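Only one structure is covered here, and it is reproduced in the block below.
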Amino acid sequence: MEEAKELFKKLKIYTLLDLALIIPSSYNDTTLTTTLKLGKVNTVEAKVIDTAVYAGKLRVTFELKASQRSITSTFFRVTPYHHKLFEVGSNHVIRGKLEAYRGYLQMSQPKSIKEVGKITPKYKTVLKEREIRALIETYITEQNLYQEGLDSKEVAILMKTHFPSSIEEVYEGGDFKNEFVSVFKFVEIFNHLKKLRTKRTHYPALRALRGECQQFVNSLPFELTSEQKAVISEIKDDLASEKKATKRMVVGDVGAGKTMVILASVMIALPHKSILMAPTSLLALQLYEESCKYLRDNVKIALLMQGKEKGDYKQADFIIGTHALLYIEDLPEASLVMVDEQHRFGTKQRAMLETLVGRGEKKPHFIQFSATPIPRTQAMIESELIDVSLITTTPFNREVETKCISKEDFPSLLSHIKEEIAKKHQVLIVYPLVEQSSELPYQSLEQSRAFWESRFENVYLTHGRDKQKEEVLLRFRERGDILLSTTVVEVGISLPRLTLIVIVGAERLGLATLHQLRGRVGRNGLKSWCYLYSNFKPSKRLIEFAQTTNGFEIAKLDLKFRDSGDILDGTIQSGQKFRWLDMAEDEEYILLAKSRVKLLKG
């Protein structure tokens, strides 16, 4: 048993289904071939009728027992063992690839095999073949597989995969049959969901929160979308529980109106306190301004960030801050903790905030927000670990036209930039690098600066290493025409007058990043443009991206063009890769596995 544990550790597997999913890479089949197949490996009974040596090679002529046809074999690195083994008159079962040359059968360097009529799976693992086979033979039994929650068809197929009675029942055209692949897909996601469920922990809440938010919703100068209302309703149900502290993630597309969901949550938490942690001062300030604008006057709001404080955080009902919140020793107890753009904080930072305002075993209700859309399939999987809400629609239709352009389009781009500035609109140009690099066929931010500054007024520049970047963005928002930047503006500041963005070297960026950058324009319903500038012919990936503005569709496209990561930032099996399941296409298997896992829970 101890030895098996060590082997499991070496394989990095934790469940019986992890072991069952170590699928053979091939099979060693020593069953006798009934019909000779040219170009394939054949196993045949044969008798040596002649041998000859020439140029250091041994040539053996066999007679096939089944058909009396002769077959010639040549052995290259010959030893005395070969001469002794293949004496004239000796009988063998030989195995090798059968070819025909000028009508004569040939089998180069066949093996004389002793064990006939056996199919042995071959596994590619860190273990020796005998070790992995011993594990499979010991643990992969029908009884064990049934105990894992599989049905009779799934059990039968996994048993045939590891213990086949013929190659034909497993393979078709040299690959696993479709019904086998379907079972592998299902078992893979079923196993993953079962593991996620064991990782989910529940804590009692500090208290139930049952404040009223309808008055706030009715007071807004616009109607919330049905999805915003549905998410608020889910949060209301969550927060009403004292037995279980909420753990929910709200994922909204760019401009989907997550701020209103945040403010409604604050109202539900009243008269108790809420805290929101934002990744940048800019975002914290923006949320503070919007809270002051939309929350009723008797809600006390405080802003806490490095070097800047507004309001008294000890008396406030709603405290907004950056990670500076983590270092305030007398932070008051908060019944609701929220984190905006959660993926930009480390797991430990988020946990610190929960701990900071928790009391022993009891935890605050916790809601994470993200503006990086994820595929539905991924949301379905992660919801085993944390409740997930998706906001896929926006409060108003954003009219953003996306075009792939290159050098020859530059004059017309320049004219378009002038037109937008004349309308008092703003322009953003995103460069791949701050300084010149021989690696990239594009100008850097610093190289291009002189060009724009000599032709336009009110040109601002910032990048990731710029300590003044948040100040620059605020100044640009008020009085700028053109902003030159790196992808530092991917998530963050709302720029209501921004109508045109140019992304230089667009082919280098992931679709999620391109979508976030495009999300900077058209925020107030103004007709806007996103130009994807490349020195190369536009790829299928960029063409497909240009045809949709829906972040959830783009997340699905992203899956199609690259492997997905894990939205929970390493809280469990970060960057889970599936060998059989296709996250972009196999929603049906995930749905099936989710319903089966629920039944197991019983």
- Identify, from the list 527, 469, the residue that is in the same structural domain as residue 411 (by TED's automatic domain parsing), crowded, with 19+ Cβ neighbours inside 10 Å and of a type in the set (D, E, K, R). 469
- Query: List pairs: first in region 205-233 and surrounded by fewer than 15 Cβ atoms within 10 Å (Cβ to Cβ), second of a type in the set (D, E, K, R), Cβ under 8 Å, 6+ apart or cross-chain?
  - Reply: 208/242; 215/296; 219/296
- Query: Can you tell me which residues in region 1-26 are assigned to a loop (DSSP other than H, G, I, E, B), surrounded by fewer than 16 Cβ atoms within 10 Å (Cβ to Cβ) and not aliphatic (A, V, I, L, M)?
  - Reply: 12, 14, 15, 25
- Query: Across region 172-187, what is the total count of residues that are surrounded by fewer than 20 Cβ atoms within 10 Å (Cβ to Cβ), of a type in the set (D, E, K, R) and within 18 Å of residue 582 (Cβ to Cβ)?
  - Reply: 3
- Exactly one of (1) more than 30 Å from residue 468 (Cβ to Cβ); (2) surrounded by fewer than 22 Cβ atoms within 10 Å (Cβ to Cβ) is unmet by residue 279. Its number? (1)
- Query: How many residues, within region 99-122, are assigned to a strand (DSSP E or B) and either under 51 Å from the mean Cα position of the chain (by Cα) or on the phi > 0 side of the Ramachandran plot (or both)?
  - Reply: 10
- Restricting the search to region 211-269, which residues are under 25 Å from residue 379 (Cα atoms), out of contact with any Cys (no Cβ under 7 Å at 6 or more places or on another chain) and among the small types (Gly, Ala, Ser)? 226, 230, 233, 240, 241, 245, 252, 255, 256, 257, 265
- Check on residue 400, under 14 Å from residue 526 (Cβ atoms) and within 27 Å of the chain's Cα centre (by Cα): yes
- Message: So, residue 29, is that one at pLDDT below 90, surrounded by 13 or more Cβ atoms within 10 Å (Cβ to Cβ) and acidic (Asp, Glu) or not?
- Response: yes
- Task: Tell me, yes or no, whether region 330-344 has at least one residue that is in a helix (DSSP H, G or I), at pLDDT below 90 and basic (Lys, Arg).
- Result: yes
- Message: Please go through region 277-329 and give me each residue that is among the small types (Gly, Ala, Ser) and not in a loop (DSSP other than H, G, I, E, B), ordered by number.
- Response: 281, 284, 291, 302, 321, 324
- Of the residues 153, 247, which is closer than 25 Å to residue 583 by Cβ and not assigned by TED's automatic domain parsing to the domain that holds residue 275? 153
- Message: Looking only at region 28-79, count every residue that is hydrophobic (A, V, I, L, M, F, W, C), farther than 12 Å from residue 107 by Cβ and touching a Gly at 6+ places or on another chain (Cβ under 9 Å) and tell me the total.
- Response: 5
- Query: Across region 152-189, what is the total count of residues that are among the hydroxyl-bearing types (Ser, Thr, Tyr), part of a helix (DSSP H, G or I) and within 17 Å of residue 140 (Cβ to Cβ)?
  - Reply: 2
- Has region 250-257 got any residue that is surrounded by fewer than 23 Cβ atoms within 10 Å (Cβ to Cβ) and of a type in the set (Asp, Glu)? no
- Note on the structure: Among 494, 415, 444, the single one that is of a type in the set (S, T, N, Q), surrounded by fewer than 21 Cβ atoms within 10 Å (Cβ to Cβ), assigned by TED's automatic domain parsing to the domain that holds residue 538 and within 21 Å of residue 284 (Cβ to Cβ) is 494
- Cβ-Cβ under 7 Å pairs, at least 6 apart or on other chains, region 139-160 side among the polar types (S, T, N, Q), far side in a helix (DSSP H, G or I): 144/16
- Task: Would you please name the residue that is nearest to residue 94 (Cα to Cα), looking only at residues in region 32-55 that are of a type in the set (S, T, N, Q) and surrounded by 13 or more Cβ atoms within 10 Å (Cβ to Cβ)?
- Result: 43
- Quick check, is residue 169 surrounded by 13 or more Cβ atoms within 10 Å (Cβ to Cβ), over 13 Å from residue 27 (Cβ atoms) and acidic (Asp, Glu)? no
- Query: Can you name every residue in region 82-98 that is surrounded by 14 or more Cβ atoms within 10 Å (Cβ to Cβ) and either assigned to a strand (DSSP E or B) or among the basic types (Lys, Arg) (or both)?
  - Reply: 92, 93, 94, 95, 96, 97, 98
- Which residue, of 313, 327, is at pLDDT below 95 and surrounded by 22 or more Cβ atoms within 10 Å (Cβ to Cβ)? 313
- Item | Residues within region 497-522 that are among the hydroxyl-bearing types (Ser, Thr, Tyr), within 19 Å of residue 373 (Cβ to Cβ) and either touching a strand residue (DSSP E or B) at 6+ places or on another chain (Cβ under 8 Å) or buried (at least 21 other Cβ atoms within 10 Å of the Cβ) (or both), tallied | 0
- Query: Of 230, 245, which residue is part of a helix (DSSP H, G or I) and among the small types (Gly, Ala, Ser)?
  - Reply: 230
- Message: Can you confirm whether residue 108 is among the hydroxyl-bearing types (Ser, Thr, Tyr), at pLDDT 95 or above and outside the structural domain of residue 159 (by TED's automatic domain parsing)?
- Response: no
- Task: State whether the residues of region 77-97 include one that is under 21 Å from residue 39 (Cα atoms) and in contact (Cβ under 8 Å) with a residue 60 or more places away in the chain.
- Result: yes
- From the option list 273, 244, single residue qualifying as in contact with a His (Cβ under 9 Å, 6 or more places away or on another chain) and of a type in the set (D, E, K, R) is 244
- Task: Evaluate the following for residue 227: is it farther than 25 Å from residue 515 by Cα and not small (Gly, Ala, Ser)?
- Result: no
- Task: Could you identify the single residue in 260, 305 that is more than 30 Å from residue 468 (Cβ to Cβ), surrounded by 19 or more Cβ atoms within 10 Å (Cβ to Cβ) and in contact (Cβ under 8 Å) with a residue 12 or more places away in the chain?
- Result: 260
- Query: Residues in region 106-124: is at least one touching an Asp or Glu at 6+ places or on another chain (Cβ under 8 Å) and aliphatic (A, V, I, L, M)?
  - Reply: yes
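The values are calculated or read from the model by the stated rules, or taken from the named source; none is laboratory data. These numbers were taken from a predicted model, which means no experiment stands behind them. Here the Cβ is made from the backbone with ideal geometry for all residues, glycine too, and neighbour counts use every protein chain on show.
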